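Heads up, the thing below is written out as structure tokens.
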Amino acid sequence: MVPISYYIALSAILFGLGVTAFVFKRNIITIFMAIELMLNAVNLAFVAFSRALGQLQGQVFVFFVIVVAAAEAAVGLGIVILIARNRQSLNVERINLLKL
Amino acid sequence: MSAQLAVFFILAAMAVAGAVSLIVQRHPIHSALSLIVVMAALAGLYLLLEAEFIAAIQIIVYAGAIMVLFVFVIMLLNAGVEERTSLSRTAFYAGVPLAMFLLVELAYRVERASGPMAAQPSPAAATRGLAMLLFQDFAFPFEATSILILIAILGAIVLAKRDV
């Protein structure tokens, strides 16, 4: 039997790597993928706690997280296409219209 | 070492390697394929946690639908290799200590969170219980998500239209 703390540790590591990717990557699509990675890490923690407590509510939350992630990907990639069309670049350094 | 522990470590190594690869790869399509590896490994971990339904929708919705959308957009926009730009000094000097602090705090919490696993009902009963929860206790949020998806579709169409 795998202890619950192993799953939570893996979840923390994946979330940390997601944050790192979010901060260090310069391509806007890769930044979106970093967000998906963080959502996946949170899902793993939800399922692990659901298993440890013997309750299924955690899995219901994972279901809703996946639904919201799908909606977010649809809208987010629409925005990415719009940015790429208007600025001819996917580099977040170049998307500085609101920058002072 | 039990068989479950061995499977856990193999899948965990796959997931971490995929996540590191996502950061290291310079081309977005390689990052996307790395993320698919992470998602497949996580689906295996969900099976290990006896969450069969979640493992199935992880593969179908995440690795299937969402990542195909990502790969499709990368190919549509013909995204090339990422440009390398210098990182800001503030981000480096503030970010690294903060990341270390987050890691220490998470490790402290994990150390305190460890406890024994509860007994789990059989797989069929668990999936049945999940359906009961989803369509009885969480029926209203479930219906609300359908409206959320509808609005997301409309938003995506409006955003991607050529003359806005």
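Rounded, prolate or oblate: which fits the protein assembly as shown, taking a ≥ b ≥ c as square roots of the Cα gyration tensor eigenvalues, rounded meaning a/c under 1.5, else prolate when a/b beats b/c? Oblate, because a/c is 1.5 or more while a/b does not exceed b/c. When only alpha carbons of chain A are considered, Rg and Dmax amount to 16.8, 55 Å.
Using only the Cα atoms of chain B, build the gyration tensor, take square roots of its eigenvalues as a ≥ b ≥ c, and label the shape rounded, prolate or oblate: rounded if a/c is under 1.5, else prolate if a/b is larger than b/c, else oblate. Mind dumping the intermediate values first?
Numbers: a/c = 1.75, a/b = 1.13, b/c = 1.54.
Oblate is the answer for chain B, as a/c is 1.5 or above yet b/c matches or exceeds a/b.
Going toward the positive end of the dipole of chain A, with +1 on Lys and Arg Cβ and -1 on Asp and Glu Cβ, which of A:MET38, A:ALA70, A:ILE95 do you reach last? Ranked along the dipole, the leading option is A:ILE95. Taking other residues whose beta carbon is less than 14 angstrom from the beta carbon of A:MET38, and scoring Lys, Arg as +1 and Asp, Glu as -1, yields -1.
Mean shadow of region B:4-87, computed from the convex hull of its alpha carbons, in nm²? Show your work: numbers first, answer last.
Details: hull surface 24.9 nm².
So the Cα hull casts an average projection of 6.2 nm².
Once the Cβ-Cβ distance between B:SER2 and A:GLN55 is put in as r, and R0 is 25 Å, what FRET efficiency do you end up with, to the nearest 0.05?
Details: r = 25 Å, r/R0 = 0.99.
Here the calculated transfer efficiency is 0.50.
The residues packed around B:LEU69, meaning those with a beta-carbon under 14 Å from its beta-carbon, carry a net charge of -2 if Lys and Arg are +1 and Asp and Glu are -1.
Only the coordinates and a few stated rules stand behind these numbers; no lab work does. Owing to the predicted nature of the structure, the values given are computational and were not obtained by experimental measurement. So basically every Cβ, Gly included, is an ideal-geometry build from the backbone, and we count neighbours across all protein chains shown.
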